[in-house]
Amino acid sequence: MIEWKETMTESFEMVVGLEVHVQLATKTKLFCACSNDGFGAPPNSRVCPVCTGQPGALPVLNKKAVELAFKAALALNGKLAHKSIFARKNYFYPDLPKAYQISQYDEPFCLGGEVPLRLKDGKTKIVELARIHMEEDAGKLLHAIGSQALNYSLVDFNRGGVPLIEIVSKPEIFSSDEAYAYLNSLKEILQYAGVSNCDMEKGEMRCDANISLRPKGSKKLGTRAEIKNLNSFKNVKDALEYEFLRQADVLSSGGKIIQETRLWNGKETVSMRSKEEAHDYRYFPDPDLVPIDITPEWSEKIKSEIPELPQARRERFVSDYHLSPYEAEVLVSDRVISDYFIQVLKSSEAQNDAEVLAKLIMNIPDFTPIAPEQMASLVALCRQKTITINQAKELYPEILESKKDPKILVEEKGLAQVLDEKILRNWVQEALASNPKAILDIKGGKKQAAGALVGAVMKLSKGKANPALVNKLIFEGIDKA
């Protein structure tokens, strides 16, 4: 392990650019009719002559994939090119049956774009994108069957031809925390736009990181290394932190960084090969695919289909529903939950149910939605002070299982709070009579002594008295004493 030295962080700054591959949520592959659900399927069960590169088989572009790619670009504020073309990226590898990958090179469908970051210290930042392009995925090499290692490799072409977009950032990320925030924000936007599920466990979102170091204060970029095999956000963060220390150690010792591709093995980065340049791939336009021309009308139609995006929703939850920034952040981080939140409020009778609803959703462990009408009924019971939020939380599993109206369950269990002031005053008077010391303490300025009196009333009422009303009546009773 490389020894960390204080001078490393004082002397150097990391500069990172991320290349993120995202699988588009289509039913079929990019250039053929094979199903786009190969994860977990038997090997080579989602293949055909086109995606396995059989002689004479010709690609046909999937229009839905193009529309999802355009939607991703527009959601990220990218500029769509009026014309884009597919190119052949030539290299030989066993998982590439045609010995080239259909991708885009000098005429991608999108240039520019941006990803907003929300950092731990509450600050925000915009990372600009260089480009977004479409390409097909390669197959997958298998070097083991279960726990048995093989002395040869097998190839599964289920992923071959799967539609991808590659989102390339500019080198504007300056820490592992910023890289983590970038990936979180990107994933959130793409999921909200309906472009991809971004499930990293299924390989639907994969990341390569380019990192270089430069002396602090310098604007000149250093020699970069590309890190591959980053299949989780944590791996990206850990790999960047390790690679920062490795490069800083080399530079501090008077050495030079070589441009190369490195592999993250979970503990350290290890050298794979020297870094390829674009000319190594001998790109040329694919003669089997016509250029993509996008009309203003088509662009506007796709733009109209983009739903409310995360940042706009967070701001609306704070301004319209008066939630705290933290509550808005938690709810919006999951589109299913935030959509449900909005749906429940549409079923609700009161606008101010939003705050109670947010507290319920956030405080119920492993929250599973019930019918919106049921949730609206439960929230109304809390707003009307028929039950407390804690009682609602305890009742929730039974509502989920029985599917009964919460009002009926509250009646059946006798949970309704007592709000009748005449009944409450009788309990309060009894509690005051039994606790003369608490009265003296309160009169002496120890208002916290009221807790003992509230507890006594709750015991007399078997937990049904409304605590806030009881507290009010206690001080009224003492003032009159």
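The values are calculated or read from the model by the stated rules, or taken from the named source; none is laboratory data. These numbers come from a predicted model, not from an experiment. Virtual Cβ from ideal backbone geometry, glycine too; neighbours counted across all protein chains shown.
Below, the figures for the structure above:
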item	result
Some residue of region 92-101 being buried (at least 16 other Cβ atoms within 10 Å of the Cβ), part of a strand (DSSP E or B) and in contact with a helix residue (DSSP H, G or I) (Cβ under 8 Å, 6 or more places away or on another chain)	no
Tally, over region 126-153, of residues that are more than 30 Å from Leu61 (Cα to Cα) and surrounded by fewer than 17 Cβ atoms within 10 Å (Cβ to Cβ)	12
Positions within region 250-297 being in contact with a Leu (Cβ under 7 Å, 6 or more places away or on another chain), surrounded by fewer than 15 Cβ atoms within 10 Å (Cβ to Cβ) and not aliphatic (A, V, I, L, M), in sequence order	Asp288
For Val236: the one exception among (1) more than 21 Å from Tyr93 (Cβ to Cβ); (2) free of Cβ contacts under 8 Å to residues at least 24 places away in the same chain	(2)
Of all residues making up region 260-314, the number that are farther than 29 Å from Glu107 by Cβ, touching a residue at least 12 places away in the same chain (Cβ under 8 Å) and outside any loop (DSSP other than H, G, I, E, B)	9
Checking Asn197 against (1) under 30 Å from Lys64 (Cα atoms); (2) not in a loop (DSSP other than H, G, I, E, B), the condition it does not meet	(2)
Evaluation of Asp405 against (1) outside the structural domain of Asp366 (by TED's automatic domain parsing); (2) at negative phi; (3) surrounded by fewer than 18 Cβ atoms within 10 Å (Cβ to Cβ) (one fails), failing number	(1)
Any hit, region 389-396, residues being acidic (Asp, Glu) and not assigned by TED's automatic domain parsing to the domain that holds Tyr340	no
Region 31-69, residues that are crowded, with 21+ Cβ neighbours inside 10 Å and not hydrophobic (A, V, I, L, M, F, W, C)	Asn36, Gly38, Arg46, Asn62
Members of region 110-127 found to be over 30 Å from Val66 (Cα atoms) and not in a loop (DSSP other than H, G, I, E, B), listed by number	Thr124
So Leu68, is it at pLDDT 95 or above, over 25 Å from Asp156 (Cβ atoms), part of a helix (DSSP H, G or I) and not charged (D, E, K, R)	no
Enumerated strands (runs of 3 or more DSSP E) restricted to region 128-182, each holding at least 1 residues that are more than 20 Å from Cys51 (Cα to Cα) and aromatic (Phe, Trp, Tyr)	148-156
Residue in region 41-49 that is at pLDDT 95 or above, closer than 30 Å to Ala181 by Cα and in contact with a strand residue (DSSP E or B) (Cβ under 7 Å, 6 or more places away or on another chain) present	no
Yes/no for Leu213 being surrounded by 17 or more Cβ atoms within 10 Å (Cβ to Cβ) and at pLDDT below 95	no
Helices (runs of 4 or more DSSP H) within region 376-481 that include 2 or more residues free of Cβ contacts under 8 Å to residues at least 24 places away in the same chain and of a type in the set (Lys, Arg)	467-480
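Yes/no matrix, rows are residues, columns are (1) under 22 Å from Asp339 (Cα atoms); (2) in contact with a strand residue (DSSP E or B) (Cβ under 9 Å, 6 or more places away or on another chain); (3) surrounded by fewer than 17 Cβ atoms within 10 Å (Cβ to Cβ):
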position: Lys385; (1), (2), (3): no, no, yes
position: Gln391; (1), (2), (3): no, no, no
position: Glu394; (1), (2), (3): no, no, yes
position: Glu430; (1), (2), (3): no, no, yes
position: Ile442; (1), (2), (3): no, no, no
position: Val454; (1), (2), (3): no, yes, no
